[in-house]
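A.B. asks: Provided herewith is a single structure, encoded as structure tokens, for subsequent inquiry.
The values are calculated or read from the model by the stated rules, or taken from the named source; none is laboratory data. Because the structure is predicted, anything quoted here is derived from the model rather than measured. For neighbour counting, all protein chains shown are included, and Cβ atoms are generated from backbone atoms with ideal geometry for every residue, glycine included.
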Amino acid sequence: MPGIAMQGVVHRYGDEVNTDVILPGRYLALRRPEELRVHCLEGLDPGFVDRVRPGDILAVGRNFGCGSSREHAVVALRAAGVGAIVAVSAARIFYRNAINLGLPVLVCPEAALALRAGEPATIDLEHATIHQGGATWQAQPLGAEVRAILAAGGLVPRVRALLAA
Amino acid sequence: MTGLTITEKILAAHAEGGSARAGGIATIRPDVVLLNDVSGPLAFEQFEAMGAARPFDPARIVLVADHFAPAPNVAAAGAIRMTREFAARHGIAHYYEPGSGGIEHTLLAELGMVGHGGIVFGADSHTCTAGAFNALGIGFGSTDLAAALATGRLWLRVPDSIRVALTGAPGPYVTGKDVILEVIRRIGSDGAADASLEFGGPGVASLPVDARMAVANMAVEAGADTCVFEGDALSAARAAETGAPAAPPVAADPDAAYRARIAIDLGALEPIVARPPSPAAGVPVGALRGQRVDQVYIGNCANGTITDLRQAAEMLRGRRVAPGVRLVVVPATQRIWRQALAEGLLDALAAAGAAVSTPTCGACFGGHMGILAAGETAIATTNRNYRGRMGDPDSQVFLANAWVAAAAAVAGEIVPPGSLPVPAEAA
């Protein structure tokens with residue numbers, strides 16, 4: 001699995017961060033990562049793209065990514081540098097989109113609420129654990145399909161391999 | 001072992017291996033795969049990257065340019081061209097754009113591609129609209145649908161089911177919109193997460209199919225994976241009218257297992273308005289009396305049907321849009337637009353001061369055709385009122401049915417629709 005141990009600085013957001021605020025609808029005719037990156041979280045926190053560094057971690061509340069199925073939201077988060085998301089809960093379509101593009105989402109309410117912003121945290125994808133300053137949290141284990149997709153590096157390489165077989 | 005829900009039965013009928021139980025993982029072959037000009041181009045690129053030579057079955061793929069259509073800028077024109085070219089390259093006959101099509105979910109039903117027991121996989125969250133037809137519509141992102149295009153199937157977790165039992169009949173100015181806003185108000189924006197909302201009971205008969213579409217459309221705003229209505233004579237008649245495959249309705253077993261049950265007495269409902277920034281923030285319309293609006297938007301995949309246009313026209317006939325208020329009306333499909341023309345609805349709306357648009361997703365998602373400036377307030381028959389949804393992050397949107405929206409256009413503020421003075425020529 002890529003990035004079995006990942007480290008990044010934590011950015012915190014609350015509940016119901018929907019895909020409209022992650023990537024506002026007026027930009028949906030764009031699809032290149034570099035075009036979408038600059039608008040990432042523009043509807044909620046326009047300064048985010050200037051603060052985020054590659055590999056950083058989002059700690060977020062309930063129902064993250066709810067609303068529109070726009071995969072552009074995940075493309076924007078990845079292009080901005082987000083390495084992983086730790087959520088109280090995540091909306092189904094967003095969760096699938098993120099996994100399909102190789103962006104891990106760990107569901108762990110305790111960690112999502114406890115992680116301190118501005119400080120580094122580490123994620124062990126293999127064991128679905130989250131670590132910060134001596135504390136460790138166990139996230140919900142990833143399902144077999146999700147692990148297979150992440151292990152392949154996303155759904156595109158996974159389907160490519162299946163089609164070639 | 002308990003019996004099966006409607007959702008489990010429909011999924012099982014499309015599952016590799018032939019079974020589907022809530023909580024399990026199943027590989028599902030949908031009847032129809034649906035993409036638009038926003039989700040499509042990303043999916044087409046992923047389809048190519050997967051090394052897929054051709055789609056699984058061109059006859060079961062529907063591509064609709066509806067979000068940025070007609071194209072408001074060069075980037076959108078390019079996305080629509082990609083969609084059109086993908087259709088041409090792979091022999092996909094079901095390609096639609098302004099002039100021939102409309103908003104994908106309303107259009108799909110009109111085309112007779114969704115009927116009792118069917119499954120639609122759509123790269124759009126409001127694919128759940130298909131639930132109105134005793135079918136399952138399930139929304140996905142672009143890469144998932146690229147895989148569906150390439151292989152004709154996707155894995156999913158079989159959802160739990162939540163039974164929504166409807167009784168009674170709605171009173172004046174109460175519509176399907178109010179039913180779903182009440183459900184979301186009660187269970188919250190993730191109350192149906194990992195679940196299918198199954199609407200049934202004697203009250204279903206009092207909801208015309210258009211009203212059921214308004215209900216089903218917003219199941220995703222309760223966090224639902226999908227939703228489904230019980231089928232009946234009305235859904236069978238609609239299927240016959242559109243030419244959808246004739247099939248008996250799929251019913252739940254009497255001992256089917258539900259995660260939760262919700263009871264709604266339609267006769268006790270009032271028109272409900274959802275306050276920004278959440279579809280779950282519904283209150284009775286009277287509680288918002290006096291809330292000023294700058295724009296009224298009647299349309300979208302939830303409420304752009306002929307039924308909605310009739311309601312709006314009835315409210316506006318003999319009346320005028322209030323000074324300082326814009327009213328934008330968007331029939332959901334070309335066929336609905338023409339029917340509204342034939343019935344005199346478009347003229348009634350335009351005479352009252354409405355701007356009537358060609359079918360498009362338009363301003364619903366903040367794309368074009370009426371987006372909001374900072375500080376502006378809209379009331380809309382759309383399905384989302386998140387921060388900045390229809391434009392500037394400092395604009396706001398109230399969600400309501402077409403009666404309430406049209407009444408607000410006349411009054412310039414939110415009012416109970418029955419409270420407008422009788423128009424002069426009718427007095």
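A.B. asks: Output the residues belonging to the range B:108-155 that are part of a helix (DSSP H, G or I), more than 14 Å from chain A (Cβ to nearest Cβ) and buried (at least 24 other Cβ atoms within 10 Å of the Cβ). Steps first, please.
C.D. replies: Our first condition is that a residue be part of a helix (DSSP H, G or I); within the range B:108-155, this holds for B:108-110, B:125-133, B:142-151.
Adding the requirement that they be more than 14 Å from chain A (Cβ to nearest Cβ) leaves B:108-110, B:130-133.
Scanning the range B:108-155 gives B:108, B:109, B:130, B:131, B:132, B:133.
A.B. asks: From the list A:97, A:18, exactly one residue is out of contact with any helix residue (DSSP H, G or I) (no Cβ under 8 Å at 6 or more places or on another chain) and over 20 Å from residue A:127 (Cα atoms). Which is it?
C.D. replies: Numbers: A:97 fails: out of contact with any helix residue (DSSP H, G or I) (no Cβ under 8 Å at 6 or more places or on another chain).
Of the residues listed, the single one that is out of contact with any helix residue (DSSP H, G or I) (no Cβ under 8 Å at 6 or more places or on another chain) and over 20 Å from residue A:127 (Cα atoms) is A:18.
A.B. asks: Within the group A:53, A:62, which residue is assigned to a loop (DSSP other than H, G, I, E, B), within 12 Å of chain B (Cβ to nearest Cβ), over 26 Å from residue B:373 (Cα atoms) and out of contact with any helix residue (DSSP H, G or I) (no Cβ under 7 Å at 6 or more places or on another chain)?
C.D. replies: Working: A:53 fails: within 12 Å of chain B (Cβ to nearest Cβ).
Of the residues listed, the single one that is assigned to a loop (DSSP other than H, G, I, E, B), within 12 Å of chain B (Cβ to nearest Cβ), over 26 Å from residue B:373 (Cα atoms) and out of contact with any helix residue (DSSP H, G or I) (no Cβ under 7 Å at 6 or more places or on another chain) is A:62.
A.B. asks: Select from the range B:372-387 the residues that are under 23 Å from residue B:188 (Cα atoms) and among the aliphatic types (A, V, I, L, M) and write down the one among them that is farthest from the other protein chains (Cβ to nearest Cβ).
C.D. replies: If we filter the range B:372-387 for residues that are under 23 Å from residue B:188 (Cα atoms), which is where we start, we get B:378-387.
Going one step further and asking which of them are among the aliphatic types (A, V, I, L, M), we end up with B:378-380.
Working: B:378: 14, B:379: 18, B:380: 14 Å.
The selected residue is B:379.
A.B. asks: Could you tell me whether the range A:105-119 includes any residue that is of a type in the set (Lys, Arg), more than 10 Å from every other protein chain (Cβ to nearest Cβ) and either touching a strand residue (DSSP E or B) at 6+ places or on another chain (Cβ under 7 Å) or part of a helix (DSSP H, G or I) (or both)?
C.D. replies: Narrowing the range A:105-119 to residues of a type in the set (Lys, Arg): A:116.
Pick out the ones that are also more than 10 Å from every other protein chain (Cβ to nearest Cβ) and you get A:116.
Those left that are additionally either touching a strand residue (DSSP E or B) at 6+ places or on another chain (Cβ under 7 Å) or part of a helix (DSSP H, G or I) (or both): A:116.
Yes, some residue in the range A:105-119 is of a type in the set (Lys, Arg), more than 10 Å from every other protein chain (Cβ to nearest Cβ) and either touching a strand residue (DSSP E or B) at 6+ places or on another chain (Cβ under 7 Å) or part of a helix (DSSP H, G or I) (or both).
A.B. asks: Hey, could you check the range A:1-17 for residues that are modelled with pLDDT of 95 or more and over 13 Å from the mean Cα position of the chain (by Cα) and say which is nearest to the other protein chains (Cβ to nearest Cβ)? Quick ask: steps written out before the conclusion?
C.D. replies: So in the range A:1-17, the residues modelled with pLDDT of 95 or more come out as A:7-17.
So of that shortlist, the ones also over 13 Å from the mean Cα position of the chain (by Cα) come out as A:7, A:9, A:14-16.
Details: A:7: 26, A:9: 25, A:14: 12, A:15: 9, A:16: 6 Å.
Here the answer is A:16.
A.B. asks: For the condition more than 22 Å from residue B:400 (Cα to Cα) and among the hydrophobic types (A, V, I, L, M, F, W, C), what is the one hit in B:166, B:136?
C.D. replies: Working: B:166 fails: more than 22 Å from residue B:400 (Cα to Cα).
None of the other options fit; the residue is B:136.
A.B. asks: Continuing with the same structure: Taking the condition of being closer than 23 Å to residue B:421 by Cβ and in contact with a helix residue (DSSP H, G or I) (Cβ under 6 Å, 6 or more places away or on another chain), how many residues in the range B:326-344 meet it?
C.D. replies: Summing the residues that are closer than 23 Å to residue B:421 by Cβ and in contact with a helix residue (DSSP H, G or I) (Cβ under 6 Å, 6 or more places away or on another chain) in the range B:326-344 gives 2.
A.B. asks: Only one of these is in contact with a helix residue (DSSP H, G or I) (Cβ under 7 Å, 6 or more places away or on another chain), buried (at least 18 other Cβ atoms within 10 Å of the Cβ), at pLDDT 95 or above and more than 13 Å from every other protein chain (Cβ to nearest Cβ): B:43, B:20, B:15. Name it.
C.D. replies: Step by step, each of B:43, B:20, B:15 is checked, and only B:20 is in contact with a helix residue (DSSP H, G or I) (Cβ under 7 Å, 6 or more places away or on another chain), buried (at least 18 other Cβ atoms within 10 Å of the Cβ), at pLDDT 95 or above and more than 13 Å from every other protein chain (Cβ to nearest Cβ).
A.B. asks: Filter the range B:372-407 down to residues that are farther than 19 Å from residue B:352 by Cα and part of a loop (DSSP other than H, G, I, E, B), then give me how many there are. Before the answer, list the steps.
C.D. replies: Taking the range B:372-407 and keeping what is farther than 19 Å from residue B:352 by Cα, we get B:372-377, B:382-400.
With part of a loop (DSSP other than H, G, I, E, B) added as a condition, the list becomes B:373-376, B:382-390, B:392-395, B:400.
The qualifying residues number 18.
A.B. asks: So which strands (runs of 3 or more DSSP E) are wholly in the range B:156-237 and hold at least 3 residues that are closer than 23 Å to residue B:305 by Cβ?
C.D. replies: Those strands (runs of 3 or more DSSP E) span B:195-200, B:226-229.
A.B. asks: For residue B:348, only one of the following conditions fails: (1) more than 17 Å from the chain's Cα centre (by Cα); (2) more than 18 Å from residue B:101 (Cα to Cα); (3) within 14 Å of chain A (Cβ to nearest Cβ). What is its number?
C.D. replies: Failing condition for residue B:348: (3).
A.B. asks: Under 7 Å between Cβ atoms, which residue pairs at least 6 apart in sequence (or on different chains) link something in the range B:48-67 that is assigned by TED's automatic domain parsing to the domain that holds residue B:38 and without any contact (Cβ under 8 Å) to a residue 60 or more places away in the chain with a partner that is among the β-branched types (Val, Ile, Thr) and in a loop (DSSP other than H, G, I, E, B)?
C.D. replies: B:58/B:92; B:63/B:92
A.B. asks: Any residue in the range B:242-257 that's of a type in the set (Asp, Glu): show its pairings with residues that are surrounded by fewer than 15 Cβ atoms within 10 Å (Cβ to Cβ) and part of a loop (DSSP other than H, G, I, E, B) at Cβ separation under 6 Å, as long as the two are six or more apart or on different chains.
C.D. replies: B:255/B:2
A.B. asks: Next up: Can you tell me which residue within the range A:65-102, out of those that are polar (S, T, N, Q) and more than 23 Å from residue B:364 (Cα to Cα), is nearest to the other protein chains (Cβ to nearest Cβ)?
C.D. replies: We begin by selecting, within the range A:65-102, every residue polar (S, T, N, Q); these are A:68-69, A:89, A:97, A:100.
Applying the additional criterion that residues be more than 23 Å from residue B:364 (Cα to Cα) yields A:89, A:100.
Details: A:89: 7, A:100: 4 Å.
Ranking the candidates gives A:100 first.
A.B. asks: Please enumerate the residues belonging to the range A:109-125 that are surrounded by fewer than 22 Cβ atoms within 10 Å (Cβ to Cβ), among the hydrophobic types (A, V, I, L, M, F, W, C) and at pLDDT 95 or above.
C.D. replies: Within the range A:109-125, the subset surrounded by fewer than 22 Cβ atoms within 10 Å (Cβ to Cβ) is A:109-110, A:113-114, A:116-120, A:122, A:124-125.
Next cut, among the hydrophobic types (A, V, I, L, M, F, W, C) only: A:113-114, A:117, A:125.
Matches in the range A:109-125: A:113, A:114, A:117.
A.B. asks: For residues that are more than 9 Å from every other protein chain (Cβ to nearest Cβ) and of a type outside the set (S, T, N, Q), tally how many sit in the range A:140-160.
C.D. replies: Here is the first cut: in the range A:140-160, the ones more than 9 Å from every other protein chain (Cβ to nearest Cβ) are A:140-142, A:146-153.
In the following step, the residues that additionally are of a type outside the set (S, T, N, Q) were identified as A:141-142, A:146-153.
Matching residues across the range A:140-160 total 10.
A.B. asks: Another question, if that's okay. Is it fair to say residue A:75 is part of a loop (DSSP other than H, G, I, E, B) and buried (at least 23 other Cβ atoms within 10 Å of the Cβ)? Write out each step before concluding.
C.D. replies: Values: part of a loop (DSSP other than H, G, I, E, B): no; buried (at least 23 other Cβ atoms within 10 Å of the Cβ): yes.
It is false that residue A:75 is part of a loop (DSSP other than H, G, I, E, B) and buried (at least 23 other Cβ atoms within 10 Å of the Cβ).
A.B. asks: Determine which member of the set B:390, B:369 is more than 10 Å from chain A (Cβ to nearest Cβ) and under 22 Å from residue B:77 (Cα atoms).
C.D. replies: On the way: B:390 fails: more than 10 Å from chain A (Cβ to nearest Cβ).
B:369 is the lone residue from the list that is more than 10 Å from chain A (Cβ to nearest Cβ) and under 22 Å from residue B:77 (Cα atoms).
A.B. asks: Within the range A:144-155, which residues are in contact (Cβ under 8 Å) with a residue 40 or more places away in the chain, under 14 Å from residue B:143 (Cβ atoms) and in a helix (DSSP H, G or I)?
C.D. replies: The initial filter retains those residues of the range A:144-155 that are in contact (Cβ under 8 Å) with a residue 40 or more places away in the chain, namely A:146-147, A:149-151, A:153-155.
Filter again for under 14 Å from residue B:143 (Cβ atoms), leaving A:146, A:149-150, A:153-155.
Once the filter is applied, which keeps residues that are in contact (Cβ under 8 Å) with a residue 40 or more places away in the chain, under 14 Å from residue B:143 (Cβ atoms) and in a helix (DSSP H, G or I), the range A:144-155 yields A:146, A:149, A:150, A:155.
A.B. asks: Next question, about the same structure. Condition check: among the aliphatic types (A, V, I, L, M), assigned to a loop (DSSP other than H, G, I, E, B) and either in contact with a strand residue (DSSP E or B) (Cβ under 6 Å, 6 or more places away or on another chain) or modelled with pLDDT of 95 or more (or both). Does residue A:41 satisfy that? Don't jump to the end; show me each part of the working.
C.D. replies: Numbers: among the aliphatic types (A, V, I, L, M): yes; assigned to a loop (DSSP other than H, G, I, E, B): yes; either in contact with a strand residue (DSSP E or B) (Cβ under 6 Å, 6 or more places away or on another chain) or modelled with pLDDT of 95 or more (or both): yes.
Yes, satisfied.
A.B. asks: Does the range A:18-49 hold any residues that are touching a Phe, Trp or Tyr at 6+ places or on another chain (Cβ under 7 Å), of a type in the set (A, V, I, L, M) and more than 9 Å from every other protein chain (Cβ to nearest Cβ), and which are they?
C.D. replies: Within the range A:18-49, A:36, A:41 meet the criteria.
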